[in-house]
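In what follows, a single structure is set out as structure tokens and then discussed.
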Amino acid sequence: MSRLVFVELFKLRRRLMTQILALLVVAFFIFVQVPRWHDQTRPSDEGSSGAVPVEEVGPDGETRTFIVIQPEEAQRSPREDAALLDEFLETTFDDNLAIVRWIAVLFGIVLTAAALGSEYSWGTLRPFLTCVESRTKYLGAKLAALGMMIVAGMMLAMALGVGTSVVIAAGDGRAELGFVDAAYLEDAFFDFWRTAYGVTPYLVVTALAAIIGRSALTGAFAGFGLLIGDSIATGVMQGSTTWLRYVPDYLPGHNVDALVGVTFEDVATRDPWAAAVVLAVYAFGALALSLWVFHRRDVQA
Amino acid sequence: MAVKSLDLEIHPGQVFGLLGPNGSGKTTTISMVLDLVRPTAGSVQLFGLPLAQHRWACLRRIGAIIESPAFYPYLSGRDNLRLMARAVGDVPESAVDDAIDRVGLTERAKSAYKTYSLGMKQRLGIAFTLVRQPDFVILDEPTNGLDPAGTREVRELIIALAREGRTVLLASHLLHEVQQVCSHVAILKRGELLAQGAVEEMLRGDGSLLLRADDLAALQRALEQVEWLGAVEQSNGYLRVRAPVDSAARVNALLAERGIFLSELRPEESTLEEYFLDLTEESDE
């Protein structure tokens, strides 16, 4: 099996598409830190002046704007300014992980659909299946390699995001990393793997569709369809007052949110363990179905 | 149904031709042998083992190309073979280079597969079958896209493989090619087996001798007087007489006694093409 995983990794690594996606990840996660830094520094500049615009409706009904100079004790001290800037580094892991989650789903769907669909379109599936011990091992190795490649991509993105943040902050003389302790690292570790776990159902559903449709297009259509359809359905149903508002509890998106700790106003918080179980049902259900279809079906071309 | 009630027997060391017009079920038959298509009834046995229960033990010993060769376009020819050899396992690195060398692709081995001509792709496909040093080689239309020199090389390669003790299954509709290299053939049409056997037996004809002499009329009269010979008829400057194929010497001696000296005497043989066309046209009637 490890032999086949190596072979699949080799195929993925040498593909131009993988290399382009990796380049996009590198470029995106380096440059996205610049607007993040800008956002973090702007409120500090305004706050330090102590001038706050206040609107009031006068007795004549007209709205007037006043600039209120806050008392000295309410103004942010230079020390507090520094603390706010230091938050840039303290939140950089979570902020980047939130972006990685979406990039991993989007790029993962593209990569998974292409990896499986191309075997059909190039006709390589037929000769390759004569080289492997079993179809199950072949598909298992392919999915394992895809998973490893996507996790490696997520790690690369996180390393670039956090690394670039540190460089930017250090450029401003604020590379304070005192908040990094064992508890922080433990949280970061589990947050990362929870996010990776949340990506899985989308990828396995993409793989299943690519196998059923024998094409990359079908896989990508199903993956993106699930992602977009799920978001729309969740948004619509959560506003309902009937039983429909509970349906999102069984859709992947809402459960991924619960698992990675994203909460929305007016939406009941979901138990992360229940969310993990629902996502596992999606992932293992689609995986079992993929293996069954792949094992049973004739390979004609 | 692509293939119906097909019962093929291929013995070690044979070069076995699988003949049939397009759509006759050749590729489906090969796909069943390679466990790519599952038969709805019946079973495949390879090396004395049932394929369903011993898939890898059987496939490990088979090298095959099916229809047109298919490889990863972004990898070089060599990387494609290395990849597949790695998937098979226990294939030495040198086997890849040997296979590439054997099909004459060494110079272009490092070029991307997508830059190969059709003939080069076909050669790489043949190299792919040889990499795992198989006991059983399956070649489905291996000369497609090859120039005459390439076709000849493939023919020689097939003969060499047979000499090395490997069994070869050659599926083709090029009957001339098959006749030159195959020891046994099976003829399929619309998924059904029309005939199977040794090529020599099939081409032996229906037991006729072809004779030629200066005076054909005198020859015909003499032959018609011999009781144990069958019907005599003229054909393309020859006389064809129904007679046992091993009776040529007796016929020659008998005619010499009667003062008729032959300029040519040989058993009549049909070509595989004639045999194939007779058989497939018969099945249409």
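The values are calculated or read from the model by the stated rules, or taken from the named source; none is laboratory data. Small disclaimer: the values here were computed from a predicted structure and weren't measured. Ideal geometry is used to build each Cβ from the backbone, glycine not excepted, and the neighbour counts take in all protein chains shown.
For the reader, a short list of remarks on this structure follows.
- Residue-level analysis places B:Ala243 among those that are at pLDDT below 85, surrounded by 21 or more Cβ atoms within 10 Å (Cβ to Cβ) and not acidic (Asp, Glu).
Condition check ((1) under 28 Å from B:Ala57 (Cα atoms); (2) buried (at least 22 other Cβ atoms within 10 Å of the Cβ); (3) acidic (Asp, Glu)) across all residues:
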residue	(1), (2), (3)
A:Asn96	no, yes, no
A:Val100	no, yes, no
A:Gly108	no, yes, no
A:Ala113	no, yes, no
A:Leu116	yes, yes, no
A:Ser121	no, no, no
A:Val132	yes, yes, no
A:Gly140	yes, no, no
A:Ala152	no, no, no
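- Checking B:Leu157, B:Leu146 one by one, the residue that is among the hydrophobic types (A, V, I, L, M, F, W, C) and not in a helix (DSSP H, G or I) is B:Leu146 and no other.
To keep it simple, each residue is scored yes or no on (1) at pLDDT 90 or above; (2) over 27 Å from A:Leu24 (Cβ atoms).
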residue: A:Thr124; (1), (2): yes, no
residue: A:Phe128; (1), (2): yes, yes
residue: A:Thr136; (1), (2): yes, yes
residue: A:Ala141; (1), (2): yes, no
residue: A:Leu146; (1), (2): yes, no
residue: A:Val151; (1), (2): yes, no
residue: A:Leu156; (1), (2): yes, no
residue: A:Val167; (1), (2): no, no
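- Selection status of B:Glu67, in contact (Cβ under 8 Å) with a residue 24 or more places away in the chain, closer than 30 Å to B:Leu8 by Cα and within 13 Å of chain A (Cβ to nearest Cβ): yes
- With respect to the conditions (1) in contact with a strand residue (DSSP E or B) (Cβ under 7 Å, 6 or more places away or on another chain); (2) within 21 Å of A:Gln300 (Cα to Cα); (3) charged (D, E, K, R), B:Arg61 lacks only one, and its number is (2).
- Of the helices (runs of 4 or more DSSP H) lying entirely inside the range A:78-186, the ones with 2 or more residues being under 30 Å from A:Val260 (Cβ atoms) and within 14 Å of another protein chain (Cβ to nearest Cβ) are found at A:92-121, A:135-171.
- Flag for B:Leu157 being in contact (Cβ under 8 Å) with a residue 12 or more places away in the chain and either surrounded by 16 or more Cβ atoms within 10 Å (Cβ to Cβ) or in contact with a helix residue (DSSP H, G or I) (Cβ under 6 Å, 6 or more places away or on another chain) (or both): yes
- Note on the range B:28-59: among residues that are crowded, with 19+ Cβ neighbours inside 10 Å and in a loop (DSSP other than H, G, I, E, B), the one that is farthest from the other protein chains (Cβ to nearest Cβ) is B:Leu51.
- Check on B:Val96, free of Cβ contacts under 8 Å to residues at least 60 places away in the same chain, away from chain A (no Cβ under 14 Å) and buried (at least 19 other Cβ atoms within 10 Å of the Cβ): no
- Cβ-Cβ distances below 7 Å connect the following pairs, each with a first residue in the range A:203-216 that is of a type in the set (Ser, Thr, Tyr), a second residue that is buried (at least 22 other Cβ atoms within 10 Å of the Cβ), and a separation of six or more residues or different chains: A:Thr206/A:Ile109; A:Thr206/A:Thr112; A:Thr206/A:Ala113; A:Thr206/A:Gly219; A:Thr206/A:Ala222; A:Thr206/A:Gly223; A:Ser215/A:Gly117.
- Selection from the range A:187-196 of residues that are aromatic (Phe, Trp, Tyr) and either surrounded by 17 or more Cβ atoms within 10 Å (Cβ to Cβ) or not in a helix (DSSP H, G or I) (or both): A:Phe192
- Helices (runs of 4 or more DSSP H) enclosed by the range A:197-301 - at least 1 residues per element that are more than 20 Å from the chain's Cα centre (by Cα): A:216-238, A:272-296
- Total residues in the range B:2-13, condition at negative phi and either within 14 Å of another protein chain (Cβ to nearest Cβ) or among the polar types (S, T, N, Q) (or both): 2
- Of the helices (runs of 4 or more DSSP H) that lie entirely inside the range B:177-285, those containing 3 or more residues that are among the charged types (D, E, K, R) span B:272-284.
- A single member of B:Glu227, B:Glu257 is over 30 Å from B:Asp140 (Cβ atoms), modelled with pLDDT of 85 or more, exposed (fewer than 14 other Cβ atoms within 10 Å of the Cβ) and not hydrophobic (A, V, I, L, M, F, W, C), and it is B:Glu257.
- Residue check, B:Gly125 closer than 25 Å to A:Ser121 by Cα and more than 10 Å from chain A (Cβ to nearest Cβ): no
- The set of residues in the range B:68-124 that are of a type in the set (Ser, Thr, Tyr), in a helix (DSSP H, G or I) and farther than 21 Å from A:Arg3 by Cβ comprises B:Thr106, B:Tyr113, B:Thr115.
- Test result for B:Glu107, of a type outside the set (A, V, I, L, M), out of contact with any helix residue (DSSP H, G or I) (no Cβ under 9 Å at 6 or more places or on another chain), more than 10 Å from every other protein chain (Cβ to nearest Cβ) and more than 23 Å from B:Ser31 (Cβ to Cβ): yes
- Verdict on B:Gln196 being without any contact (Cβ under 8 Å) to a residue 24 or more places away in the chain and on the phi < 0 side of the Ramachandran plot: no
- Test result for B:Phe16, in a strand (DSSP E or B), aromatic (Phe, Trp, Tyr) and on the phi < 0 side of the Ramachandran plot: yes
- Single match in B:Thr167, B:Thr143, B:Thr129 (criterion: of a type in the set (Ser, Thr, Tyr) and at pLDDT below 85): B:Thr143
- Filter pass, A:Arg214 being within 14 Å of chain B (Cβ to nearest Cβ), surrounded by 18 or more Cβ atoms within 10 Å (Cβ to Cβ) and within 30 Å of B:Leu34 (Cβ to Cβ): yes
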